[in-house]
Amino acid sequence: MPIDTKRVRGPEVSQSPSLFSCEPAVGLPTRGPRADGRQRDQVDIRPVFVRCGLVSQAKGSSYLEAGNTKLMCCVYGPRETERKDETDMKCGRLTTDMRFAPFSCPERGSWIQGSQDKDFSLMLHESLHPAVCLHKYPRSQIEVSVMVLENSGSVLAHAVTCASLALADAGIEMYDLVLGCSMRQDGASYVVDPSYIEENSCSSVSRENQGGLTVAFLPSLNQISGLQSDGEMTEETLTAGVRTCIEGCYKLYPVIQHTLTKAVRKAAPPPSES
């Protein structure tokens, strides 16, 4: 008997797609420890794992894990810029591209860059641009590409840290490293380095002081290179949130320093025997 090759031969037993749908976000408690054991109203960031020089085709690269948030960054250049105008004659150009892998979020996305990717790319550029010595690279272009492999919250803050580490691994002259930290304000309570569920849920009944904050910080110069906030927060809450994020960046700084020092020692040539 001939077989219809154009017909899709599905399984004999099937289940409804609604069985695998995500449950709606529920309100999180405002007291007690968080779901991963960290404390509320404290600068309690997730353990961070970072490595440099994993992509051989790039001038510099870095990989970062913070909980289940995983990012990879590659830096290419400096290379000759395509557009030659008066600005490029005096200093170089920094381009940033941040994308989410289709499997990075609970809801599968597409490879086409969406509005969220473009917004994050712009925020990443604004955070890194003040720290790079572009006047050292006239008529040149430095490309920074960040790929989010898994989004488990605070992805923009960790993308800033990962991109800064990749720039340093590429040997790009910088005024200082750029570290990122984020927090989520929920009424009178706040959480630092929020997870994906904490970013997309609201546990407070009132709508006052509801929002998120991400700070890009230069620890050695004690300067803020980028700030992004959403929601509605009072001036006092926003000021306290900035100080909290800066404290989180200082906690992250020794880990980044150790990783960069380890990468430099590994890439350095062995001492000559005299």
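The values are calculated or read from the model by the stated rules, or taken from the named source; none is laboratory data. Computed from a predicted structure; not experimentally measured. Cβ atoms come from the backbone with ideal geometry, glycine included; neighbour counts cover every protein chain shown. With ligands, DNA and RNA removed, areas are computed over all heavy atoms of the protein, side chains included. Shrake-Rupley method; radii C 1.70, N 1.55, O 1.52, S 1.80 Å.
Key figures for this structure:
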read-out: In Å², nearest 10: area of D119 left accessible to a 1.4 Å probe; value: 80 Å²
read-out: Flagged links, alpha-carbon separation over 30 Å, of K118/K262; K118/K266; K136/K266; value: K118/K262; K118/K266
read-out: Accessible heavy-atom area order of R265, R40, highest first, probe of 1.4 Å; value: R265, R40
read-out: R0 of 25 Å, Cβ-Cβ distance E199-R139: FRET efficiency to nearest 0.05; value: 0.05
read-out: D176 - accessible surface, heavy atoms, 1.4 Å probe, Å² rounded to 10; value: 10 Å²
read-out: Theoretical gain in end-to-end length, R108 to L238 [0.36 nm per residue, Cα-Cα removed]; value: 43.5 nm
read-out: Per-residue SASA entry for Y196, accessible area with 1.4 Å probe, Å² rounded to 10; value: 70 Å²
read-out: In Hz, Karplus ³J(HN,Hα) per residue of the range 243-260 (6.51, -1.76, 1.60; θ = phi - 60°; x = Gly, Pro); value: 5, 5, 5, 5, 5, x, 5, 5, 5, 7, 4, x, 5, 5, 4, 5, 5, 5
read-out: Around E247: net Lys/Arg minus Asp/Glu count, Cβ-Cβ under 13 Å; value: -1
read-out: Apportionment of accessible area to carbon and sulfur, the range 115-181, percent (1.4 Å); value: 48 percent
